[in-house]
Structure formats: structure tokens, C-alpha cells
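K.L.:
Starting off with a structure, shown below.
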Amino acid sequence: MHATGLRCAECAWRGPLELTYICPKCGGSLEVTYDYTAVDVASVTAAVKAHRSVWSFKELLPVRAEEYIVTMDEGGTPLRQSRAIANELGVSLFYKDETRNPTLSFKDRPNTVGISVAREMGYDTIAIASTGNGAASLSAYAAHCDMACNVFIPVNTPSGKLVQTLYHGANVIRVPGNYSASFRVAHERCGKEDWANLTSTYINPYTMEGDKTIGYEIFGALEENTPDWIVVPLGAGPMLSGIYKSFEELRTLGLCDKLPRMLGVQAEGCAPIIDAFLRGDDAVRPWLYTETVADAIADPLTGYERDGSRTARAIRRSGGYGVKLSDKKILNYVNKLARQEGIFTEPASAASVAAVADAMEQGVIRRGESVVSIITAHGLKAAEELLKLSEAQA
Ligand SMILES: *Cc1c(COP(=O)(O)O)cnc(C)c1O
Ligand SMILES: [Zn+2]
């Protein structure tokens with residue numbers, strides 16, 4: 001373990017490896033730093049080649065003692081080559097199939113790292129504000145290591161995600177309003193009760209380190225090649241920033257020389273980050289009224305707009321782009337993935353494939369380029385909602 005401390009994503013502040021949520025100097029979000037000269041490059045190379053699990057990359061993860069690691073064999077998910085949709089679009093398209101994680105979403109990656117760090121730091125109770133997948137995941141990890149878990153979720157959280165959370169025995173607090181209301185209440189309670197906050201924005205500086213492992217695995221599965229584009233649906237965006245960080249690290253270690261361009265995706269009914277990116281100033285304004293079938297990425301960012309700005313800057317740094325999609329386009333790709341590729345995924349995840357079509361129409365992604373779309377969660381997460389829609393179509 002070669003993590004050296006925390007640094008602010010916006011100013012020059014640096015601090016020790018503690019559970020600090022925001023920069024004491026400027027209020028910005030934080031990030032873990034490493035001593036890359038101390039990293040065992042041979043071990044990272046072997047882990048990249050095998051791309052087998054999150055913790056095989058422990059050289060680049062922030063846990064000191066292995067005894068604190070809480071794992072359910074997350075990561076090591078397949079990179080599946082698209083035939084039907086790739087042929088239609090004329091690109092080389094791959095799906096990073098995150099539905100194959102223990103609780104059926106990629107959130108197992110940030111949570112396995114976040115809960116392990118919290119345990120190592122001596123916390124016995126954890127909490128999360130979530131649109132559902134993060135809560136379902138964290139409550140499973142808490143059950144697995146016998147920690148107390150409090151989840152703050154919007155009242156209208158889909159039943160598929162709620163039922164997982166309830167059965168894993170978390171204490172569920174349903175908060176009226178949109179996701180940002182849950183975020184605020186969770187943050188306040190964590191401060192009062194000394195619970196470790198694992199909310200999957202940038203507020204916990206350690207969880208993004210788990211997201212990072214998606215990038216190492218993509219690089220390994222492509223036989224140590226960087227794709228031209230990686231397409232990521234955005235809540236606040238730590239998954240996108242984490243994936244980009246993984247390639248920057250591989251470059252620092254001398255293992256790769258090309259960085260991917262990041263394509264960020266939001267729904268038209270909640271697109272604070274894409275709007276800021278397309279305006280050109282990256283200064284995110286909170287979204288007032290969220291309305292989309294892609295509930296997992298409906299984050300209005302009210303009260304933590306700077307998180308969205310951080311994501312917009314990462315997209316820009318990568319030479320990437322942003323698209324926002326109508327619910328109609330997103331649902332079209334839920335159907336296409338299910339019927340043409342055998343992949344059943346929830347709307348937020350299908351957005352990462354619908355976005356490829358959209359970016360090609362705009363001339364952003366070109367024919368023949370290589371593209372990886374992150375299939376972030378399973379379709380059964382939205383069983384009730386998708387069943388209603390299919391009955392309405394029939
Ligand atoms: C959380 C989530 C996202 C967004 O990831 P962030 O890191 O929060 O931006 C995308 N898709 C699904 C299914 C999610 O649960
Ligand atoms: Zn700062």
C-alpha cells in the first residue's frame with residue numbers, strides 16, 4: 001500500500017490519510033495520492049494481464065493491512081465484444097459488463113474499498129446516500145462483515161434496489177425529495193453520529209479508488225491497449241474520474257502511453273454536468289426538477305455543484321465530450337441491448353450505449369474507432385418499472 005495522503009482536487013491543500021470529506025481550505029473535494037516510485041510494477045502488470053478482481057490491484061488501493069479488506073470477489077467482470085450494435089453503428093464496441101458484480105452493479109467496487117478503509121480507521125457504523133444501487137451494495141458488504149449500515153434513499157427508489165437493501169438488513173431512511181435531499185440528510189447525520197459516510201459522490205475520497213479498477217481491467221482485457229473512447233453514465237461522476245485516473249496512473253508507471261477520451265452521459269431530465277460542459281465553462285449549476293427513467297443517474301447536485309464541475313473538468317482534460325439523451329432514446333437501447341445482444345440492463349446503463357449512437361450522429365465518435373461502454377447495473381434492478389413500460393407497449 002503506497003497511498004501517501006489526501007490532496008484537494010482544486011487547491012494546493014494536502015493532508016494525511018484520514019476520513020476528511022472536504023478541503024479545510026477551499027471546500028473542494030479530495031483525492032488519494034500515492035508514491036508511484038514505490039509501487040511494484042511487476043505486480044501491477046500481472047494484475048492487469050489477469051484482470052481478475054478489484055483487490056488484485058491492491059498496490060494502487062488505499063488499505064494498509066489486508067486483514068481489514070472486506071471483499072465478496074467483486075470486479076474481474078467480462079469485457080464483451082458487441083456484434084449487432086457494433087455492426088449497425090460501424091464502430092468497434094465493447095461492453096464492460098458490471099452487472100456481474102456481487103450485487104449486480106459496479107457500486108461494489110467503490111464500496112469494497114470504502115468499507116475496508118472505514119474498518120481500518122476504526123469505524124463500526126457506515127452510511128450512504130444513494131439512488132438505490134449504492135445502498136443495495138453497501139448493505140450487502142455491511143452484512144458480510146457485520147457492520148451497522150444506514151442508508152438514505154429517495155422515497156421513490158425503485159423496488160428492485162429497495163428489496164436488496166431491506167433484505168441485507170440495513171437501516172433504511174427514506175427521504176422526501178430528490179437525491180440531493182438524501183445527500184444532505186446523510187451528511188448531517190454522519191457528522192452528528194460519527195458514522196463513516198460512503199456516499200458515492202466525491203465526498204468520500206477513498207471510494208473513487210475502487211471505481212479506478214474498471215480502467216485497469218479494460219486495459220488488460222484489450223491486451224494492454226487503450227480504447228479511443230470510454231462511455232460513462234454520470235451521477236456526480238466519480239466513476240468517470242476514477243476510470244480516467246487509472247489510465248493516468250498506468251501511464252505514470254510506464255505501462256501505457258495513450259489515454260482514452262471520456263464521453264460523459266446524462267439524461268435530458270437531469271443534465272447539470274453536460275449542460276455546464278456544453279456551455280464551455282464547466283461551472284455546474286444545480287438542476288431544479290429531475291424527471292427521467294434513468295433514476296440511477298438523476299443527481300441534481302444541489303449543494304455540491306463543485307463535484308459536477310470536477311467531472312466536467314476531467315472530461316475536458318481527456319479531450320472528451322458530453323451528451324444528454326431523451327428517455328425515449330435511452331429506452332430504445334434498453335430494448336436493443338436485450339433483444340440484439342442478450343444484455344438486460346437498467347436505463348442509466350443503456351444510456352452509455354445510446355450515447356455512442358448519438359455521438360456518432362454528431363460526428364464526435366468516428367467510424368472505426370474503438371469504444372467501451374460501461375454497463376453499470378442489471379435490468380432486474382428496474383424490474384417493476386420496465387415491466388410496466390413493456391405492458392404499455394403491448
Ligand atoms: C451510480 C450509478 C451511475 C453513476 O455513477 P457515479 O459514479 O455516481 O457518477 C451510473 N449507473 C448506475 C446504474 C449507477 O448506479
Ligand atoms: Zn482546496
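The values are calculated or read from the model by the stated rules, or taken from the named source; none is laboratory data. Computed from a predicted structure; not experimentally measured. Positions of Cβ are generated from backbone atoms using ideal geometry, with glycine treated the same way; all protein chains shown enter the neighbour counts. Surface accessibility is based on the protein's heavy atoms, side chains included, excluding ligands, DNA and RNA. Shrake-Rupley method; radii C 1.70, N 1.55, O 1.52, S 1.80 Å.
K.L.:
Give me the accessible area of Asp108, 1.4 Å probe, in Å² rounded to the nearest 10.
P.N.:
Asp108 has an accessible surface of roughly 0 Å² with all protein chains in place.
K.L.:
While we're on this one: Just to confirm my numbers, what's the Cα centroid distance between the stretch 160-185 and the stretch 35-75 in Å?
P.N.:
Cα centres, the stretch 160-185 to the stretch 35-75: 31 Å.
K.L.:
Going by a ≥ b ≥ c, the root eigenvalues of the Cα gyration tensor, does the stretch 173-283 fall in the rounded group (a/c under 1.5), the prolate group (a/b larger than b/c) or the oblate group? List each step's numbers first, then the result.
P.N.:
Working: a/c = 2.74, a/b = 1.57, b/c = 1.75.
Taking the square roots of the gyration eigenvalues as a ≥ b ≥ c, the stretch 173-283 is oblate.
K.L.:
Counting heavy atoms of the protein chains only and a 1.4 Å probe, report the per residue accessible area for the chain as a whole number of Å².
P.N.:
On the way: 14840 Å² over 394 residues.
That works out to 38 Å² for each residue.
K.L.:
Let me ask something else. What does the charge dipole of the chain about its Cα centre add up to, to the nearest 20 debye, if the Cβ of each Lys and Arg holds +1 and the Cβ of each Asp and Glu holds -1? Walk me through the intermediate numbers first.
P.N.:
Working: 40 positive and 47 negative charges, 124 e Å.
Here the size comes out at about 600 debye.
K.L.:
Among Met208, Ser373, Met239, flag the residue with its Cα farthest along the positive direction of the charge dipole of the chain, charges on Cβ as +1 for Lys/Arg and -1 for Asp/Glu.
P.N.:
Working it through, the farthest residue towards the positive pole turns out to be Ser373.
K.L.:
Let me have the 222 nm mean residue ellipticity of the chain computed from DSSP H runs of 4+ only, each contributing -39500 (n - 2.57), with the sum over all residues rounded to the nearest 500. Intermediate values should be presented prior to the final figure.
P.N.:
On the way: 14 runs with 152 residues, N = 394.
Result for the chain, helices only: -11500 deg cm²/dmol.
K.L.:
Could I ask something else about it? Leaving out ligands, DNA and RNA but keeping every protein chain, what accessible area does Val185 have, in Å² rounded to the nearest 10, with a 1.4 Å probe?
P.N.:
Accessible area of Val185: about 40 Å².
K.L.:
Could you tell me which of rounded, prolate or oblate describes the stretch 156-223, using a ≥ b ≥ c as the square roots of the eigenvalues of the alpha-carbon gyration tensor, with rounded for a/c under 1.5 and, failing that, prolate when a/b is larger than b/c and oblate otherwise?
P.N.:
Numbers: a/c = 2.39, a/b = 1.60, b/c = 1.49.
Prolate, because a/c is 1.5 or more and a/b exceeds b/c.
K.L.:
Okay, moving on. On a 28 Å Cα-Cα criterion, which of the cross-link pairs Lys329/Lys381; Lys49/Lys107; Lys49/Lys324; Lys58/Lys329; Lys96/Lys245; Lys49/Lys328 come out too long? It would help to have the intermediate numbers written out before the result.
P.N.:
On the way: Lys329/Lys381 19 Å; Lys49/Lys107 23 Å; Lys49/Lys324 34 Å; Lys58/Lys329 39 Å; Lys96/Lys245 17 Å; Lys49/Lys328 39 Å.
From the list (Lys329/Lys381; Lys49/Lys107; Lys49/Lys324; Lys58/Lys329; Lys96/Lys245; Lys49/Lys328), the Cα-Cα distance tops 28 Å for Lys49/Lys324; Lys58/Lys329; Lys49/Lys328.
K.L.:
Tabulate in residue order the Karplus-calculated ³J(HN,Hα) for the stretch 169-182, using 6.51 cos²θ - 1.76 cosθ + 1.60 with θ = phi - 60°, rounded to whole Hz; enter x for Gly and Pro.
P.N.:
x, 6, 7, 9, 10, 8, 9, x, x, 7, 4, 5, 5, 4
K.L.:
Using alpha carbons only, how many angstrom separate the centre of the stretch 88-106 from the centre of the stretch 187-238?
P.N.:
Taking the Cα centre of each part, the stretch 88-106 and the stretch 187-238 sit 16 Å apart.
K.L.:
Still on this model: Shape verdict for the chain, please, from the Cα gyration tensor: rounded (a/c under 1.5), prolate (a/b greater than b/c) or oblate.
P.N.:
On the way: a/c = 1.36, a/b = 1.11, b/c = 1.23.
Rounded is the answer for the chain, as its axis ratio a/c remains below 1.5.
K.L.:
Over the chain, what is the percentage of antiparallel beta bridges among all DSSP beta bridges, to the nearest 5?
P.N.:
Values: 13 of 44 bridges.
Antiparallel bridges make up about 30 percent of those DSSP assigns within the chain.
K.L.:
Under 5 Å between amide H atoms, partner at least 5 residues away or on a different chain: which partners does Thr33 have, H built in plane at 1.01 Å?
P.N.:
Under 5 Å from the amide H of Thr33 lie the amide H atoms of Thr4, Gly5, Leu6, Arg7, each far enough along the sequence or on another chain.
K.L.:
Going by accessible area, probe 1.4 Å, with all protein chains left in place, what is the ranking of Lys107, Lys329, Lys388, largest first?
P.N.:
On the way: Lys107 30, Lys329 90, Lys388 130 Å².
If we order Lys107, Lys329, Lys388 from most to least accessible, we get Lys388, Lys329, Lys107.
K.L.:
Put +1 on the Cβ of every Lys and Arg and -1 on every Asp and Glu Cβ in the chain; which of Leu255, Cys26, Ala351 then has its Cα farthest towards the positive end of the dipole?
P.N.:
Ala351
K.L.:
Still on this structure, I have one more. Any chance you could look up the accessible area of Glu305 with a 1.4 Å probe, heavy atoms only, rounded to 10 Å²?
P.N.:
Rounded to the nearest 10, the figure is 50 Å².
K.L.:
Also: Would you mind getting the Kirkwood hydrodynamic radius of the stretch 294-343 from its Cα pairs, rounded to one decimal in Å? Please list the in-between numbers first.
P.N.:
Details: mean 1/r = 0.0752 Å⁻¹.
So the Kirkwood estimate lands at 13.3 Å.
K.L.:
Among Val70, Tyr95, Ala47, which residue has its Cα furthest toward the positive end of the charge dipole of the stretch 6-106, with +1 on Lys/Arg Cβ and -1 on Asp/Glu Cβ?
P.N.:
Tyr95
K.L.:
Then there's this: Which percent of the accessible heavy-atom area of the chain goes to carbon and sulfur, probe 1.4 angstrom? Display every interim value, and only then the final one.
P.N.:
Working: 7210 of 14840 Å².
Carbon plus sulfur share of accessible area: 49 percent.
K.L.:
Only Cα pairs under 8 Å and at least 6 apart count here; give the relative contact order of the chain as a rounded whole percent.
P.N.:
Values: 885 pairs, mean separation 67.9, N = 394.
Relative contact order here is 17 percent.
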